[in-house]
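These notes concern the structure reproduced below.
Just so it is clear, none of the values below were taken in a lab; they were calculated from the coordinates. Since the structure is predicted, the reported quantities are computational estimates derived from the model, not experimental observations. No Cβ is skipped: glycine too gets one built from the backbone with ideal geometry, and neighbour counts run over all protein chains shown.
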Amino acid sequence: MRTRFEDIALWAFGDFALGQDFDLISDMTRARRFGFHDVVDSEAMLLRILRHALTSLEREPGCQRFDVHQERSDPTLFFLIEAYSDQATLDAHRASAHYQAFREDTKRWVVERTWWFWTPLGPAPGA
């Protein structure tokens, strides 16, 4: 005798579980057992970014600004705004030991890195 799927499967539960726009993992031990070892610790990431920003501002005369922003609805998403006096100071920043260490420390956390280069149009600060 053949068993019908309708007799053994709870389709309402399947529709509920597969119809969500999110994943819920309540047991990280099980997730890690199946190969999900990397976890974004947003607090550790924030502290590392803030340390890098402060180091850049303190040690690099050409670093004029280094703002760190965190997405309100996704604490693992950060937006950095950096301003350097010219291309040479940006190149020096990217060649610095602390920048190379930062890149190495965060390489498993960073999903996407996008660079934009803007020309300030005004108004001038303090105007």
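Among the residues of segment 76-106, those that are over 22 Å from the mean Cα position of the chain (by Cα) and charged (D, E, K, R) comprise ASP86, ASP91. Only residues that are within 20 Å of GLU112 (Cα to Cα) and part of a helix (DSSP H, G or I) were counted in segment 53-74, giving 1. Residue count for segment 75-104 satisfying the condition of being outside any strand (DSSP E or B) and touching a Ser or Thr at 6+ places or on another chain (Cβ under 9 Å): 8. Under the condition of being without any contact (Cβ under 8 Å) to a residue 12 or more places away in the chain, closer than 22 Å to LEU46 by Cα and among the acidic types (Asp, Glu), the residues counted in segment 68-127 number 4.
Of a type in the set (A, V, I, L, M) and assigned to a loop (DSSP other than H, G, I, E, B) - does that describe any residue in segment 105-119? It would help to see each step written out before you state the result.
Narrowing segment 105-119 to residues of a type in the set (A, V, I, L, M): 110-111.
Retained after the next criterion (residues that are assigned to a loop (DSSP other than H, G, I, E, B)): 110-111.
Checking segment 105-119: at least one residue is of a type in the set (A, V, I, L, M) and assigned to a loop (DSSP other than H, G, I, E, B).
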